[in-house]
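Working notes for the structure below.
Nothing in this text is a laboratory measurement; each read-out follows from the coordinates by a stated rule. All values derive from a computational prediction rather than experimental measurement. Positions of Cβ are backbone-derived with ideal geometry, glycine not excepted, and every protein chain shown enters the neighbour counts.
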Amino acid sequence: MTFSLTVDATKFRMHLRSILADYKSTDVKLVPVIKGNGYGFTREILAKETNLLGLNRLAVATVWELSEALAKFSGEIVVLEPFNTADRSAVEQWSKILIDNSSRVILTLSNLDFAAARAAGASLIYLEGLTSLRRFGISKSEFSGIDQSKLGTLSVMGLSLHLPIADSQKPTGATAEVSSDVDSNKLSGKLSEIWEWLGSYHEVASTHNFPMHLSLSHVSITEIETLKVMCARYNYKVSFDLRLGTSLWLGAPDALCVRGTILEIHELTSAPHVGYQQVSTSGHSRLIVVSGGTSHGVALAAPIPKSNFRKRGVAIAEGFAQAFGKVRSPFSVHGHNLVFAEPPHMHVSLLWANDLSLKIGDELICNVRNTTTVFDQVLGLD
């Protein structure tokens, strides 16, 4: 029951090197993110690929992902989820890991509890500013009140900002004022947000001798270039790194192919009902059993807002189809999606397939969301 991701290593690594070259050309440091399920590849494989790129820093999401990353990656590791004393299990894990790894792990702080971070064994920290994402972060008013004497042995590496993907804000007047020599089409609400934070951080960094470094997410190189022009006008000498996950690892879809294997084919001439739910076989002549089920992430997807009328219309149409038991599966033959006979099982899926050319052992292409999928094997990146 093997559900596989096959990678064209040449295309995949060519894409990675192309992204890296773009960043190097703009003097922006690339920090690969290998969180969660490792975007379908596994975190172990992505740590090895980061080593192959010659990079000396990567990011994971939580402290629970640290041990594996430390074992597979030779450089520094940023933990993006802020250290929080409310999560006692995580604090215990931090204390265990930092005993021997405090010089390689950068802890993110979204509050000013420096004493707790030191007690856990931290040495290197990012200060995270609260953005319009409204998830974690220190407010600008709190930021201005930093007491350096409470840092003790902690070294501040810079300011971290986790920005939204969508740009719903309009540029502020302050941004327009300092960017008069920048194409107005290049201005964005994100740039305004970063610029305002940069001003707050510059004041604090100058006072406390913190490095003028910004670590950003969901910002394009073009936006960074615009930001650099704005910084030059105020003589802000700032270094940047950009954290990249989806567009780095999943930015070359033609290099990736997901397949499930046909394990059984049943002719339905004498079977009026099939499956756990004993659904009617009326109108169907063949049932196939293919590897790939809910444990792999088949038919699971992170919810995505329906941002336009077309997408909303598709969602409504799919709802009607589901109401009549016609749910398209992610498995396809000759570009056409087969229909689920019933909801996928844990390791396999039952599909209606009247195509007589299909045989046991054939592989079906499967369209999945890599960030919610776990594969039995990843091939091609040995």
If you average the alpha carbon positions of the range 18-76 and of the range 193-233, how far apart do those two centres end up, in angstrom? 23
DSSP loop trypsin sites (Lys or Arg not before Pro) with at most 11 other Cβ within 10 Å: longest gap in the chain: 1-133
If you rank H208, H162, H296, H213 by fewest surrounding Cβ atoms within 10 Å, what's the result? H208, H213, H162, H296
Past the 25 Å Cα-Cα mark, which pairs from K11/K48; K24/K140; K11/K72; K72/K140; K35/K228? K24/K140; K72/K140; K35/K228
Taking only the Cα positions of the chain, the convex hull volume per residue in Å³ is 168
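Give the relative contact order (percent, whole number) for the chain; include only Cα pairs under 8 Å separated by 6+ residues.
Details: 692 pairs, mean separation 77.8, N = 382.
Relative contact order here is 20 percent.
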Please list log₁₀ I(q)/I(0) at q = 0.07, 0.11 Å⁻¹ for the range 33-249, using the Debye equation with identical point scatterers on the alpha-carbon positions. -0.22, -0.55
The chain - mean residue ellipticity at 222 nm from DSSP helices (-39,500 (n - 2.57) per run, n ≥ 4, rounded to 500): -9000 deg cm²/dmol
Estimated vicinal HN-Hα couplings, Hz - the range 260-276 in sequence order (Karplus 6.51, -1.76, 1.60; Gly, Pro = x): x, 9, 6, 9, 8, 10, 10, 7, 10, 4, 10, 10, x, 9, 9, x, 4
If you rank E225, E363 by fewest surrounding Cβ atoms within 10 Å, what's the result? E225, E363
What residues have an amide H closer than 5 Å to that of G158, excluding those fewer than 5 places away on the same chain, when H is modeled at 1.01 Å from N in the peptide plane? L127
Span-rule helices in the chain, defined as complete DSSP H runs reaching 15 Å or more along the axis (Cα) with Kyte mean at least -1.0: 9-25, 88-101, 189-208, 221-233, 309-323
Starting from the amide H of E342, placed 1.01 Å from N in the peptide plane, find each other amide H under 5 Å away whose residue is 5 or more places distant or on another chain. L350
Once phi is turned into θ = phi - 60°, what whole-Hz ³J(HN,Hα) does the Karplus curve with 6.51, -1.76 and 1.60 give for every residue of the range 111-124, x standing for Gly and Pro? 8, 9, 7, 5, 4, 5, 5, 5, 4, 7, x, 5, 10, 10
Additional length obtainable on full extension of the chain from D8 to S206, 0.36 nm per residue less Cα span: 66.5 nm
On a C-alpha basis, how far is the centre of the range 266-282 from the centre of the range 126-145 in Å? Whole number, if you could? 58
